[in-house]
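Okay, structure first, notes after.
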Number of protein chains: 2
Amino acid sequence: MSAVFTRLDKSGADSKSRRAVPNRPSVVSEAIKIMMTDKGMMPGDRLPQEPDLIRAFSASKGTIREALKMLETQGLIQTRTGPGGGAFITDIPTDHANALMSNYFFFKNLSIGDIYEIRQVLEPELAAELTKHLGEKEFAVLESTMVAYDHPPATIKEEQRQRIAELEFHERLAEFSANPLLAFMCGFLVSLLKDLAVCRRIYRNPNPELRERGYSYQGQLIEAMRAGDPEAARSIMKAHMVAARRLMAKQEAIVNRGFLSLNGKKRGA
Amino acid sequence: MSAVFTRLDKSGADSKSRRAVPNRPSVVSEAIKIMMTDKGMMPGDRLPQEPDLIRAFSASKGTIREALKMLETQGLIQTRTGPGGGAFITDIPTDHANALMSNYFFFKNLSIGDIYEIRQVLEPELAAELTKHLGEKEFAVLESTMVAYDHPPATIKEEQRQRIAELEFHERLAEFSANPLLAFMCGFLVSLLKDLAVCRRIYRNPNPELRERGYSYQGQLIEAMRAGDPEAARSIMKAHMVAARRLMAKQEAIVNRGFLSLNGKKRGA
DNA sequence: GTCGCCAATTTATTATGATAAATTTTGCCC
DNA sequence: GGGCAAAATTTATCATAATAAATTGGCGAC
């Protein structure tokens, strides 16, 4: 197997002819990646322990630690202490990947319009794709999410909770996708909107129309998916997105978000 | 400004009630992120130097170094040695973000169909969006990319170069987008296909139909964009994607990719 | 015999200090 | 003034030691 991880250290295309001399931790972390792929290691497998790595790569403890920290930051490993402990290969948590991506967009000044331009085409595709393989178990999960906003909110706090729950409906949809790319992208877009909802106060003003129409659309969507009609699901979702986009456009133009934390926690504003 | 970076350390939702006790480097790196946002620092600005950080956070040299290594791995900073050196805030390079994402999908077994399912909806949207704001300068860039494959390939090597150039056409398109999300997602999908082309040998067999139809579609696309007709551009791109998807589907089912390197270099197979 | 607690071992984590490498700045000489 | 060389500054690496965390295994009580 010639599979290799993607290298992440300093770019080789610098201003001067400063050749890319990756520092030692980077070299070691890349070597560990190669070791992982060459041995065909899978999530759950354990890497050699620190002293062994020190010997294997002839590097100091500090260097090995920095290399492991790089892999940990990339989400590739997690470390545990105690007997039998060490660095374990992990399937990168989606939250972690979301956080990484979110950082990338920090200086890009995303607007709500940018987000909805993509959602408007991805979510309908997702709806159509899900129709092929969703079962009653999944529909039950979706419907249980919807009960949170099947009624007008009594308080401003409930209003906020309902907005989040509405977004979680879409998060669930994404998780159910058989296409990992579609799942991640749709989930990421929702996570952008959720952070928005928490960190900023876009969803502050009451917006009964958004809730009502959202609930109605989602009901129709489940119906269409139950009926096994992908094109109906697609067009319902499309209408849902177009409507949501229009309603959201009034709220705020620029999304001034913050960096997301790599451990999944959110920081209130 | 209350903007905050996304945290990336160990998850708080563990099997046991093991409360999320992030280790010191994680805490410090988060604190540095907060410092960055609180001070409204921008790419190019320099962080305090190691000794100052050691004092500021009352942590050891090793801890600070690991924290900085985390930020570097996330693409948030780069460090330089020498006088006036230190850690500098960087706009995360797209290559870096691609590599990070690519790692996420390592264990997900993406298929070509997965990639094209998304391209089929995103690329048309991109085409329509570009029509609004592309000028002659951009068209010239696109056309100069196309000359690489305006003729049948003479050798197997040229065949491969042409495939890559064809993908670079789409890469350019993505770069021109005014929507950073659209730009990244389309660029990422192409980078997946490019890695495919290099690391695996999907594009090995000659496929004259793919080149010819691709060239023709792209010519029509530029024409439509020049004419300022977004819907024409959209439908041309859609047809292009549908055709490419069909042709690619025959090639290989599963994309057995490797981890990508964080410094933008590729590793041949 | 089983459950729960305590101690010992293994491991990561943090800390400190010293040396090396790299780069920029400065100053000198031509 | 231009170019080369030495010096100063800063990160990078290494080495060593002490501390904290977590699991295992054994011991005792029930």
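Since every read-out is calculated from the coordinates, none of them should be taken as a lab result. Predicted, not measured: the structure shown is a model, and the values here were computed from it. Ideal geometry is used to build each Cβ from the backbone, glycine not excepted, and the neighbour counts take in all protein chains shown.
I'd like to know which of A:37, A:56, A:82 lies farthest towards the positive end of the charge dipole of the range A:24-89, counting +1 on Cβ of Lys and Arg and -1 on Cβ of Asp and Glu. Comparing the listed Cα positions along the dipole, A:82 ranks first.
Other protein chain C-beta atoms within 10 Å of residue C-beta, averaged over A:115-122: 5. The gain in end-to-end length when the residue B:161 to residue B:91 segment is fully stretched comes to 22.2 nm, 0.36 nm per residue minus the alpha carbon separation. Each peptide in B:96-103, B:45-52, A:226-233 receives the mean, over its residues, of other Cβ atoms within 10 Å, and ordering these scores from highest gives B:96-103, A:226-233, B:45-52.
Distances between equivalent label points of residue B:154 across the copies, with each point positioned 7 Å along Cα→Cβ, amount to 8.0 nm, shortest listed first.
All C-alpha pair distances within the range B:95-249, sorted into 5 Å bins from zero, spread as 2, 9, 19, 24, 21, 15, 8, 2, 0 percent across the bins.
Summary value for the range A:95-249: 36 percent relative contact order, contacts being C-alpha pairs under 8 angstrom separated by 6+ residues.
Distances between equivalent label points of residue B:80 across the copies, with each point positioned 7 Å along Cα→Cβ, amount to 4.4 nm, shortest listed first. Residue by residue along B:175-182, Cβ atoms of other protein chains within 10 Å of the local Cβ number 5 on average.
The charge dipole of the range A:95-249, taken about its Cα centre with unit charges on the Cβ atoms of Lys, Arg (+1), Asp and Glu (-1) only, comes to about 540 debye. Across the copies of the chain, residue B:51 has label points (7 Å from Cα along Cα→Cβ) spaced 3.6 nm apart, shortest distance listed first. Here, the range B:24-89 has an Rg and a Dmax of 10.7, 28 Å when only alpha carbons are counted. For the peptide A:210-217, the mean number of other protein chain Cβ atoms found within 10 angstrom of a residue's Cβ is 0.
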